[in-house]
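The values are calculated or read from the model by the stated rules, or taken from the named source; none is laboratory data. These figures come from a predicted structure and were not determined experimentally. Glycine gets a Cβ as well: all are built from the backbone with ideal geometry, and neighbour counts include every protein chain shown. Note: accessible area is taken over every heavy atom of the protein model, side chains too, but ligands, DNA and RNA are not part of it. Shrake-Rupley method; radii C 1.70, N 1.55, O 1.52, S 1.80 Å.
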Amino acid sequence: MSDWREPWLRAGERVAEQYGRHYGEPADALPTPALVVDVDALQRNLGVMVAALDGQTARLRPHTKVQKSPDIALMQVATGAIGVTVASVWEAAAMAAAGVTDILIANQIVPADKVSAAAALAAHAALTVAADDPRNIDALSAAASGAGTEIGVLVELDVGMGRCGARSAEGLLRLAERVHAAPGLRLKGIQAYEGHCMSVPDRDTRARMATEAMAKATSALALLRREGLPASTLSGGGTGTYDITGRNPEVTELQAGSYAFMDAFHGRLVPEFEVSLTVISTVVARHRDTVILDAGRKSIGIDYVLPPMLGHDYAARFYAEEHALFDVDERFGADVGDRVHLVSGYAPTTVNLYDAIFAVSGGQVVSVWPVFPRGPGHGGFLTSLQRG
Ligand SMILES: Cc1ncc(COP(=O)(O)O)c(C=O)c1O
């Protein structure tokens, strides 16, 4: 019997076959480079976010493009998230296949093959997508009507990032009216992602910018409501603004994602979250005060910040394909064959390099979670969704 969840089920089997033998092993015995998450630190991060949103209007809809792990998404839902945010229709399919029932694709669904996949997927989970183009709205409507499903839509407003989104409240209103009138679609509200504020180092400046950005969204929301449109959702925010946008009484959904793993990029902005994700790497050479590790840019995301070593203050000199070079001094005790933990420069591009995350507690591997879907191009889901 065919099963539309087949690509996800196969990924689970593949990971169990290739990595299952490490269950119960000490993390220190894993072949390096190895992607590991400290489950206890991860749980504490999830708890900090839950506590931060306690009593706020905003509910957590964590962005799972960071961890690409349906297993972790299910943990987030179990601790109070209303559903998840994803970046692509393939990530949405993986989440739905694993049992997540409420999914926002915070992105435009283009071209036609992805529109068809979204329409088919809406039969298996409550699916909402972002839209900022009338032609795309028409295509989504035709596909959902044809498939006999309903797709929720957040019309997207650009609040200063300059990426996707209508450039004015009036433009947004026209999109919202079109969605409201379209068969197969249900207007839910607005997506407004204030990404240009996310990495502003000074907290006060970040707060001022994020507040200004979200004021554009709340005034657009008021316009839609004055025109009688059923716009109840305002979705946005990230790890850098979780305690700014997340406390805005008009914001109903917070899309933060990086807080679960953290990385060197976000660590500077929100030090209250712990690094739970690291790459274990082996020292392969030491020449006086130059240390060479077996993890290069094929093993760890170097975007924005060169990955540092956990617990050390040495700056990385260079990341090559298969090597990292650090300038150390006499305080550095590790020698050839010893291991260090590296902190991702950027967690999303680190995770995307691996098939699996080793979940570690008390130094032992307690689980192995598939990273799925990795990279672009998961047409297998399109085929399996069309088969039903
Ligand atoms: C649409 C959208 N929402 C939310 C986020 C927040 O992610 P993070 O918490 O990882 O900063 C991102 C990050 O790229 C995003 O693109």
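A few notes on this one:
- Selection count, region 262-314, where residues are in contact (Cβ under 8 Å) with a residue 60 or more places away in the chain, out of contact with any His (no Cβ under 8 Å at 6 or more places or on another chain), within 16 Å of the ligand (Cβ to nearest atom) and of a type in the set (A, V, I, L, M, F, W, C): 6
- Put simply, of Leu187, Leu175 the only residue that is out of contact with any Lys or Arg (no Cβ under 6 Å at 6 or more places or on another chain), over 22 Å from His63 (Cα atoms), in contact (Cβ under 8 Å) with a residue 24 or more places away in the chain and surrounded by 21 or more Cβ atoms within 10 Å (Cβ to Cβ) is Leu175.
- Residues being in a strand (DSSP E or B) and open to solvent by less than 20 Å² (accessible area, probe 1.4 Å) - total across region 2-39: 4
- For region 248-270, the tally of residues that are in a loop (DSSP other than H, G, I, E, B) and at pLDDT below 95 stands at 2.
- Residue list for region 40-81, restricted to those being assigned to a helix (DSSP H, G or I), of a type in the set (A, V, I, L, M) and under 16 Å from Leu104 (Cα atoms): Ala73, Leu74, Val77
- Region 57-80, residues that are without any contact (Cβ under 8 Å) to a residue 60 or more places away in the chain, open to solvent by 10 Å² or more (accessible area, probe 1.4 Å) and in contact with a strand residue (DSSP E or B) (Cβ under 8 Å, 6 or more places away or on another chain): Val77, Gly80
- Condition met for Ile105 (β-branched (Val, Ile, Thr), within 17 Å of the chain's Cα centre (by Cα) and in a loop (DSSP other than H, G, I, E, B)): no
- Residue match in region 132-151 (condition: at positive phi, of a type outside the set (A, V, I, L, M, F, W, C) and at pLDDT 95 or above): yes
- Residues of region 336-353 satisfying the condition of being more than 13 Å from the ligand (Cβ to nearest atom), part of a loop (DSSP other than H, G, I, E, B) and either buried (at least 22 other Cβ atoms within 10 Å of the Cβ) or among the basic types (Lys, Arg) (or both): Gly345
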